[in-house]
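Reading through the structure tokens given below for one structure.
The values are calculated or read from the model by the stated rules, or taken from the named source; none is laboratory data. This one's a predicted model, so the numbers in the text were calculated from it and none came from an experiment. In this analysis, Cβ positions are derived from the backbone assuming ideal geometry, glycine residues included, and neighbour counts consider all displayed protein chains. The protein model used for the area step is the full one, side chains on, heavy atoms only, and it has no ligands, DNA or RNA in it. Shrake-Rupley method; radii C 1.70, N 1.55, O 1.52, S 1.80 Å.
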Amino acid sequence: MYVTIVFLPLLGFLVAGLFGHRLGPRGAQIVTSGFLVIAALLAMIGFADVALGGHEYRIPVAQWVSSGELDFHWALRIDTLTVVMLVVVTVISALVHVYSIGYMSSDPHNPRFFAYLSLFTFAMLTLVTADNFLQLFFGWEGVGLSSYLLIGFWYERPSANAAAIKAFLVNRIGDFGFSLGILAIFLVFNSVDMQTVFDAVPDHAGSTFSFLGYQLHTLNTICILLFIGAMGKSAQLGLHTWLPDAMEGPTPVSALIHAATMVTAGVFLVVRCSPMFEYAPLALDLVIFIGAATAIVTASIALVQNDIKRVIAYSTCSQLGYMFFAAGVGAYGAAMFHLFTHAFFKALLFLGSGAVIHALADEQDMRRMGGLRKALPLSWSFMVIGTLALTGVFPFAGYFSKDTVIEVAWAAQSGLGEFAFVMGVAAALMTAFYSWRLIFMTFHGAPRAAAKVMARVHEAPKIMWLPLALLALGAFASGFLFSDLFVGDGRAAFWGSSISAHGDGVLEAAHHAPVFIKSLPLIMSIGGFLLAYQLYLRRPDLPGKLARTFEWAYRFLLNKWFFDELYDFLFVRPAFRLGHFLWRRGDEGVIDRFGPDGISKVVALLAARLRRLQTGYIYHYAFAMMIGLALILTYIVLQEGGL
């Protein structure tokens with residue numbers, strides 16, 4: 001069953017990719033979507049078997065690598081952490097596939113799009129079922145490749161090509177760190193098998209190695225390298241700049257990247273390696289700091305963005321920051337709980353925004369929306385449900401998961417834990433503000449779109465309603481249904497040995513937090529709603545006045561803290577200048593000059609000189625023959641005379 005779950009999307013990719021021209025758009029849609037629906041149903045059965053039934057499996061698939069001491073199989077590691085990710089990935093991917101049937105109905109390249117979606121899902125499933133680090137790296141790179149193909153799906157757009165290249169290159173930075181981490185694991189543990197490594201971790205606690213004259217903590221170094229990889233895939237501060245630009249891809253791609261695949265890979269990696277991170281305190285501190293900083297910085301950027309998808313994209317970065325600092329304080333179950341619930345309401349928000357964009361003929365600027373509630377009541381309802389879940393309003397999913405994350409940061413009772421708590425609370429206020437700002441600017445107030453556009457506004461096709469309704473159900477119910485299993489009294493039996501249990505003390509302390517601490521996130525959510533209501537419904541003139549009064553702050557946030565400009569100055573321009581120098585002076589000035597260009601010039605010069613000998617006069621040729629004959633005879637005579 002588990003092999004079927006993993007390889008059904010690959011089969012869909014091969015069928016749609018190789019035979020899409022014969023199947024046609026409808027055939028490719030049915031095959032790929034049908035396979036994903038089957039995989040999602042099987043994943044739910046697997047969840048009941050493993051997470052609720054307490055079973056674990058290791059399923060060998062094939063011998064993969066055998067080279068000296070490096071010898072391992074392609075095998076599936078099936079435990080609770082795996083089946084949680086299987087449900088998230090397959091369910092969200094299946095719903096995105098079905099939604100895409102309506103959203104991409106007019107696109108002429110449907111088979112290619114659905115093939116890429118299935119390949120993306122297969123790569124993510126390979127990642128989460130990996131039994132060894134090299135297999136995990138295969139899925140890791142497969143996700144990167146698929147994201148490149150999907151972000152740049154509309155390749156005729158220069159902006160889409162640039163965004164795809166940017167995502168690919170930024171992720172290469174993180175992937176380089178990740179690959180170094182895997183090499184270090186093999187060097188230290190003489191194995192890349194996960195269970196073998198995790199069992200041997202206590203024996204290397206406190207061990208060091210020498211590098212450039214410094215003694216470095218072995219496990220801290222390995223875990224920091226692994227976390228660098230996680231920072232790239234999960235768009236954490238410093239390596240986050242690719243994620244908002246990924247909005248250049250079709251909206252279903254945005255939902256798949258942000259909700260279930262790719263960006264959750266980094267969180268999964270840290271949680272999967274929790275037995276190793278528990279012996280790497282410096283690495284955990286770095287996870288807390290980067291996660292908390294990402295949560296607040298990206299939330300602040302979302303406050304002033306005007307592209308509806310970019311607001312939700314920065315929200316994803318912020319929520320991933322929550323997951324990381326929860327993992328950093330040792331509450332791995334809380335991190336996975338928020339990942340689980342976030343998948344539903346973030347996919348709902350992205351697909352809901354896709355319904356709005358679809359209705360407005362591809363318009364994404366919220367300044368050209370407004371007054372859409374009556375024209376799009378279903379889309380409004382779904383977006384409001386997603387917003388209530390994201391902002392943590394009872395009884396929606398975010399109330400249970402996000403509040404737990406903030407509480408465990410408080411319960412950590414450490415300096416960095418307090419920092420994460422404060423940043424988490426502040427980010428909760430910002431989250432509520434920008435989320436309701438999106439709702440008010442899009443659906444309320446006076447219409448700002450052109451009259452001819454408003455006249456054509458219509459709800460999404462019925463094929464797009466079902467995924468939205470199911471995601472809305474998940475955004476509403478996933479919190480209170482699974483809270484006890486993920487972070488409550490049933491967590492020990494639920495997680496089993498799939499994650500480290502060292503963080504149980506933090507979770508237990510969080511459950512006994514004072515009422516004020518528990519209420520603070522909800523208070524921030526209410527405050528953010530009231531502030532957005534005041535600024536965008538009661539006094540819609542105020543945002544413009546505030547932007548003009550505090551223009552420096554507005555420009556700073558609108559330009560995303562100038563990260564792109566800083567990287568352009570520090571890395572992009574110097575790289576271009578270096579490349580131009582090497583091209584002109586090195587390639588053209590040396591290699592080409594003395595290589596192919598130089599040789600071709602010499603050959604051309606010799607040919608020109610030899611061409612002059614071809615005069616066409618017989619006596620010239622007879623004279624040359626006589627000279628040649630004389631030289632040959634002279635040579636023979638000299639040879640016979642022994643000279």
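Observations
- Over the chain, relative contact order from alpha-carbon pairs under 8 Å, at least 6 apart, %: 12
- Paramagnetic reach from H502 (point 7 Å along Cα→Cβ, amide N under 12 Å) across segment 249-279: 273-279
- Extreme residue, positive dipole direction of segment 156-281, given options F189, M276, P252 (C-beta unit charges): P252
- Only alpha carbons enter this Debye calculation for segment 286-406, each as an equal point scatterer, and the log10 of I(q)/I(0) it gives at q = 0.15, 0.21, 0.22 Å⁻¹ is -0.69, -1.14, -1.21.
- Assigned charges on the beta-carbon of Lys, Arg, Asp, Glu; the chain dipole about Cα centre (debye): 2700
- In summary, the convex hull built on the alpha carbon positions of segment 70-148 has an orientation-averaged projected area of 5.8 nm².
- Cα lying deepest toward the dipole's positive end in the chain, options I632, V425, Y103, charges on Cβ: Y103
- Residues within the reach of a label modelled at D564 (point 7 angstrom out along Cα to beta-carbon, backbone nitrogen below 18 Å), restricted to segment 171-212, are 171.
- Extension reserve of the I523-R58 stretch, reckoned as 0.36 nm per residue once the Cα distance is removed: 162.8 nm
- Backbone N within segment 66-108 under 14 Å of label point (7 Å from I463 Cα along the Cβ vector): 95-108
- Relative contact order (%) - criterion: Cα under 8 Å, at least six apart; region: segment 365-506: 39
- Charge tally around G330: other residues with Cβ under 11 Å, Lys/Arg +1 each, Asp/Glu -1 each, net -2.
- Remark: the I30-S106 segment gains 25.8 nm on full extension, using 0.36 nm per residue and subtracting the alpha carbon distance.
- Reach of K462 by Cα under 24 Å, taken over lysines that are not fewer than 8 positions away in the same chain: K309, K346, K374, K452
- Kyte-Doolittle mean at least 1.0 and Cα axial length at least 24 Å: DSSP H helices in the chain: 2-47, 80-103, 110-128, 133-151, 158-189, 281-302, 332-359, 415-443, 465-487, 515-533, 618-640
- Charged-residue dipole, Cβ positions (Lys, Arg, Asp, Glu), segment 575-643 about Cα centre, Debye nearest 20: 360
- Evaluated at q = 0.14, 0.16 Å⁻¹, the base-10 log of the normalised Debye intensity for segment 507-643, with identical point scatterers placed on the Cα atoms, takes the values -0.99, -1.09.
- Based on C-alpha pairs under 8 angstrom that are at least 6 apart in sequence, segment 184-288 has a relative contact order of 30 percent.
- Size of segment 1-103 as Cα extents on the principal axes (Å, biggest first): 47, 37, 18
- Net +/- balance of residues flanking V304 in space, Cβ distance below 10 Å, scoring K and R +1, D and E -1: +3
- Taking a sphere under 12 Å around the Cβ of A162 and counting the other residues whose Cβ falls inside, with K and R at +1 and D and E at -1, yields a net charge of -1.
- Within segment 1-89: Cβ-based charge dipole about Cα centre, in debye rounded to nearest 20 (Lys, Arg +1; Asp, Glu -1): 480
- Each 10 Å bin from zero holds the following percent of Cα-Cα pairs in segment 223-371: 12, 43, 29, 12, 3, 0.
- Euclidean distance between Cα centres, segment 501-552 to segment 409-467, Å: 12
- Sulfur and carbon atoms: percent of accessible area, segment 30-94 [1.4 Å]: 65
- Euclidean distance of C-alpha centroids, segment 79-142 and segment 32-48, integer Å: 12
- Taking all protein chains as shown and a probe of 1.4 angstrom, Y57 keeps an accessible surface of around 90 Å².
- Taking packing as the residue-averaged number of other Cβ atoms within 10 angstrom, the listed peptides 354-367, 453-466 run from highest to lowest as 354-367, 453-466.
- Cα centroid separation, segment 178-217 to segment 563-585 (Å): 35
- The chain, Cα convex hull volume normalised per residue, Å³: 259
- Efficiency of FRET between F623 and K601 - r from beta-carbon atoms, R0 22 angstrom, step 0.05: 0.10
- Segment 182-262 - convex hull of the alpha-carbon atoms, volume per residue in Å³: 130
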